[in-house]
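Heads up: the structure comes next, in structure tokens.
The values are calculated or read from the model by the stated rules, or taken from the named source; none is laboratory data. Everything quoted here is computed from the prediction, not taken from an experiment. For neighbour counting, all protein chains shown are included, and Cβ atoms are generated from backbone atoms with ideal geometry for every residue, glycine included. Ligands, DNA and RNA are stripped out before the accessible areas are found, and what is left, the full protein with its side chains, is counted by its heavy atoms. Shrake-Rupley method; radii C 1.70, N 1.55, O 1.52, S 1.80 Å.
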Amino acid sequence: MMNYPSAAQMWQWTLGLPEQLAYRAAGLSELEAPDAPVRRILVAGMGGSGVSGRFLAALADNTSVQIIPWNWASAPSWLTPNDAVLAISYSGNTVETLATVNDALAAGVPVTGITTGGKLEKLLRERERPVFNVPGGLPPRVAFGFLLGTGLRVCSRLSGVELGQPERTTAALTQLRSNLGAAQFAPISVITKSLIERPVTVYGTCPLTAAAALRLKQQLNENAKHFAWWATLPELAHNEITAAGPGKPPRRLCLTLAEKPPPLDSVLDDGEQTIYLRGSGPDPLSAVLGLVFQGDLVSLALAEARGVEPYPIERIIAYKARLG
Ligand code: PA5
């Protein structure tokens, strides 16, 4: 029998999101702000590391800095030395992320890394580029708070634009966690029960909830080993809507920050009822991470309900081994 961290350990790591966000990587305060603030940052990373880029991009939408999440195995040709690349790889050994970093370095683009070590740290240290280490020993997806919190601080420093206040969000999430007693946990159990039987589509209705929808889709895949997809409204009204109708649609889970639920049932009009999970908080970062926190717990509860172990991800490991 394989020996891996228990489901209880996964719950414990996941519940540590508020503290992770407060983590300050060594050397952050010495990170030199560039002479001219960077206006375009490509955030390279895959899976549980790369998803942070989606949140950073959405948080930057109302600012003067553009952040582009990048989950490909080469860098785009439009990058210039005035741009910046932030490479996020928990292991530091992800082939696609390393390929993007190598392309960027070859094009003279400044690269900063967030990792626990691996080839990424080695490469960037050799090139005398900044690397910020986060604590090791976790699966990347439950190190999300370390990676996103450090990413926020690095992007803010490079661009001179504040994208969120991780300390305030830590306080908001700590409060949310202390409310997760029996009564507050009830919605999570209700949602979980309704997801057992069928695949799930997770919907976002703004850039921030779209990032949270992708995160939840990944968590349902990896923790619960459950088929899940993600989509966004209004985009789905221009394609997916034509596939909706009779038959067995996937369960619909919509993440929202709005007071009024987005009109998914009337747009898709297939007799299916959307389950809404609403996030709120003192600011956009706190509100969306409140959703992420609850979604993460749903994915663990679903693993439990389906009788699967949340930790192992053998297929991802086998895929990486094939890439070399
Ligand atoms: O959750 C996971 O383990 C994966 O999605 C990884 O994050 C992904 O394979 C990339 O690896 P890393 O985060 O080490 O760069």
Discussion item. Tell me the net charge near ALA213. Cut-off is 14 Å between Cβ atoms, ALA213 excluded, with +1 for each Lys or Arg and -1 for each Asp or Glu.
Written reply: +3
Fill in: Accessible area (Å², 1.4 Å probe, nearest 10) - ASP61
90
Worksheet item: When every alpha-carbon pair in the chain is counted, what percent end up more than 35 Å apart?
Response: 20
Response to the item:
At the level of C-alpha centres, the distance separating the stretch 149-217 and the stretch 46-99, in angstrom, is 20
Response to the item:
With all protein chains in place and a 1.4 Å probe, ARG39 shows an accessible area in Å² (nearest 10) of 100
Discussion item. Can you sort GLU197, GLU304 by solvent-accessible area, 1.4 Å probe, largest first?
Written reply: GLU197, GLU304
Worksheet entry | Three-way shape label, the stretch 256-302, alpha-carbon gyration tensor, a/c 1.5 | oblate
Worksheet item: Where does each of 285-295, 17-27 land if you order them by average Cβ count within 10 Å, highest first?
Response: 285-295, 17-27
Fill in: Rel. contact order, % - alpha carbon contacts under 8 angstrom, at least six apart, the chain
19
Worksheet item: Using a 1.4 Å probe on the protein chains only, how many percent of the accessible area of the chain belongs to carbon and sulfur?
Response: 55
Worksheet entry | Prolate/oblate/rounded label for the stretch 108-170 (Cα gyration tensor, a/c 1.5) | oblate
Worksheet, complete the sentence: On the formula 1/(1 + (r/R0)^6), with r taken between the Cβ atoms of HIS238 and THR80 and R0 of 41 Å, the FRET efficiency rounded to 0.05 is 0.80
Worksheet, complete the sentence: Helix-only [θ] at 222 nm, the chain, -39500 (n - 2.57) per DSSP H run of 4+, per residue, nearest 500, equals -14000 deg cm²/dmol
Worksheet item: Cα-Cα pairs above 16 Å in the stretch 153-195: how many percent?
Response: 59
Practice prompt. Identify the residues of the stretch 296-324 with backbone N under 14 Å of a label point that sits 7 angstrom from the Cα of ALA7 along the Cα-to-Cβ direction, or state none.
Written response: 297-312
Worksheet, complete the sentence: Counting lysine pairs in the chain that sit 8 or more positions apart or on different chains, with Cα atoms under 30 Å apart, gives 15
Fill in: DSSP H segments from the chain that extend 24 Å or more along their own axis, Cα-based, with Kyte-Doolittle mean of 0.0 or above
284-306
Item to complete: With a probe of 1.4 Å, find how much accessible area the chain has per residue, and write the answer as a whole number in Å².
Response: 45
Item to complete: May I ask you to give the average projected area over all directions of the convex hull of the Cα atoms of the stretch 9-122, in nm² rounded to one decimal?
Response: 8.0
Fill in: Assigned charges on the beta-carbon of Lys, Arg, Asp, Glu; the stretch 174-324 dipole about Cα centre (debye)
380
Item to complete: Round to the nearest 10 and report in Å² the accessible area of TRP13, as given by a 1.4 Å probe over the protein chains' heavy atoms.
Response: 50
Discussion item. Suppose each label sits 7 Å from its Cα in the direction of the beta carbon; what would the ARG198-LEU31 distance come out to in nanometres?
Written reply: 4.3
Worksheet entry | Extreme residue, positive dipole direction of the chain, given options ALA57, LEU285, ALA231 (C-beta unit charges) | ALA231
Discussion item. If you take every residue apart from SER266 with its C-beta less than 13 Å away from the C-beta of SER266, what net charge results, scoring Lys and Arg +1 and Asp and Glu -1?
Written reply: -2
Discussion item. Sort 106-116, 40-50 by packing, meaning the average of other beta carbons within 10 Å per residue, with the highest value first.
Written reply: 40-50, 106-116
Worksheet item: Going highest first, how would you order 121-131, 203-213 by mean Cβ packing within 10 Å?
Response: 203-213, 121-131
Worksheet item: Per the Kirkwood definition applied to all pairs of different Cα atoms, how many angstroms is the hydrodynamic radius of the stretch 176-274?
Response: 14.3
